1. All but one of (1) buried (at least 19 other Cβ atoms within 10 Å of the Cβ); (2) under 30 Å from Ile224 (Cβ atoms) hold for Ile129; state the number of the condition that does not hold.
2. So, in the stretch 162-201, how many residues would count as being touching a residue at least 40 places away in the same chain (Cβ under 8 Å) and among the hydroxyl-bearing types (Ser, Thr, Tyr)?
3. Are any of the residues in the stretch 137-159 assigned to a loop (DSSP other than H, G, I, E, B), under 14 Å from the mean Cα position of the chain (by Cα), in the same structural domain as Phe263 (by TED's automatic domain parsing) and touching a residue at least 12 places away in the same chain (Cβ under 8 Å)?
4. For the stretch 220-237, what are the residues that are touching a residue at least 60 places away in the same chain (Cβ under 8 Å), part of a helix (DSSP H, G or I) and out of contact with any Phe, Trp or Tyr (no Cβ under 6 Å at 6 or more places or on another chain)?
5. Among the candidates Leu54, Leu17, Leu42, Leu26, single out the residue that is of a type outside the set (Asp, Glu), modelled with pLDDT under 85 and not assigned by TED's automatic domain parsing to the domain that holds Asn239.
6. Within the stretch 15-33, restricting attention to residues that are more than 13 Å from Ala76 (Cα to Cα) and not aliphatic (A, V, I, L, M), which residue is surrounded by the fewest Cβ atoms within 10 Å (Cβ to Cβ)?
7. State all residues of the stretch 162-174 that are farther than 11 Å from Thr185 by Cβ and part of a helix (DSSP H, G or I); if no residue qualifies, say none.
8. With the structure loaded, tell me whether Phe167 is over 24 Å from Val84 (Cβ atoms) and surrounded by 15 or more Cβ atoms within 10 Å (Cβ to Cβ) or whether it fails that test.
Amino acid sequence: MVFNLFNDNWAWLWDVLATVLTLVVLLGVVEINGKIQKSGKLPTFITRKIIHILAGPIFFLAWFLYSGIPASRYIASVVPLLFVVQFSAVGFGIMKDEAFVRSMSRSGDPKELLKGTLYYAVVMMLVVIFFFYIPSEGIGSANPAGFIIIGCLAGGDGLADIIGRKFGGDKKFGLLKAEKTVAGTITMFLGSFLFSLGLVAIFSIEVSTFNIGILIWPILIVSIVATLAEALSPPHLDNLIIPAAVILAIYLISLIIPAWWPFTLLTI
């Protein structure tokens, strides 16, 4: 929603306020999740994935708040950038943050934040810069690629780990010591498809070109590709491999069946 309570000359200030609000909400989610983990009510692998599942969609839904000026993407990118800085600082021991460590590490070791958790934040930062849904020419040329990328990464990959650990059983497969399960892989596909479709559907409220009838097929194909990428990803690298596979899949769809992807790939 190209939203701005100020006049056009002050749209950047409204975007700054939207960024502050988004950051406060995300930090609140991390803090609450850390307290839940500390209470012992949920195992670490679930609390860690709660952040994985919620952080991306919350951040992307906050895009509704931005004015849509060319600077919006860069102002919004401050949110994941600050998380990149904090994860790095905590991981290297420069600062301490027990809530972050409890919420986002399996072992309780701060250095774990330098792996998949850091990659997740870096990917979100790059996605907002290169795939912010409103390009410089305006909302009429909006692009849903970012929502599909985060739908697969947050919803698919996040749910896959929880369901795979809970119901996957002892039969596992994967590359380079990765441990994947059939239940987790099925969940990866369903989560990717439903989260991606849901995010695109929500933003279709204001973007008429986000035709769910057409986009359901590319989202389905991309979800399959993301599922294969996750199944073959070595440990700690799925947060990089999944978005790369999604971007490649969208690019190939735009070349092979352009009617299914009537958008540019990048919006910068």
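1. For Ile129, the failing item is (1).
2. Looking only at that region, the number is 3.
3. Narrowing the stretch 137-159 to residues assigned to a loop (DSSP other than H, G, I, E, B): 137-138, 142-144.
Next, only the ones that are under 14 Å from the mean Cα position of the chain (by Cα) stay: 144.
Then drop every residue that is not in the same structural domain as Phe263 (by TED's automatic domain parsing), which leaves 144.
Filter once more, so that each one left must be touching a residue at least 12 places away in the same chain (Cβ under 8 Å): 144.
Yes, the stretch 137-159 contains at least one residue that is assigned to a loop (DSSP other than H, G, I, E, B), under 14 Å from the mean Cα position of the chain (by Cα), in the same structural domain as Phe263 (by TED's automatic domain parsing) and touching a residue at least 12 places away in the same chain (Cβ under 8 Å).
4. Val222, Ala226, Glu230
5. Exactly one of Leu54, Leu17, Leu42, Leu26 is of a type outside the set (Asp, Glu), modelled with pLDDT under 85 and not assigned by TED's automatic domain parsing to the domain that holds Asn239, namely Leu42.
6. Gly28
7. Ile162, Arg165, Lys166, Phe167
8. Spelling it out, it is not the case that Phe167 is over 24 Å from Val84 (Cβ atoms) and surrounded by 15 or more Cβ atoms within 10 Å (Cβ to Cβ).
The values are calculated or read from the model by the stated rules, or taken from the named source; none is laboratory data. Just so you know, these numbers come straight off a predicted model, no measurement behind them. As a convention, Cβ positions derive from the backbone with ideal geometry for all residues, glycine included, and neighbour counts pool all protein chains shown.
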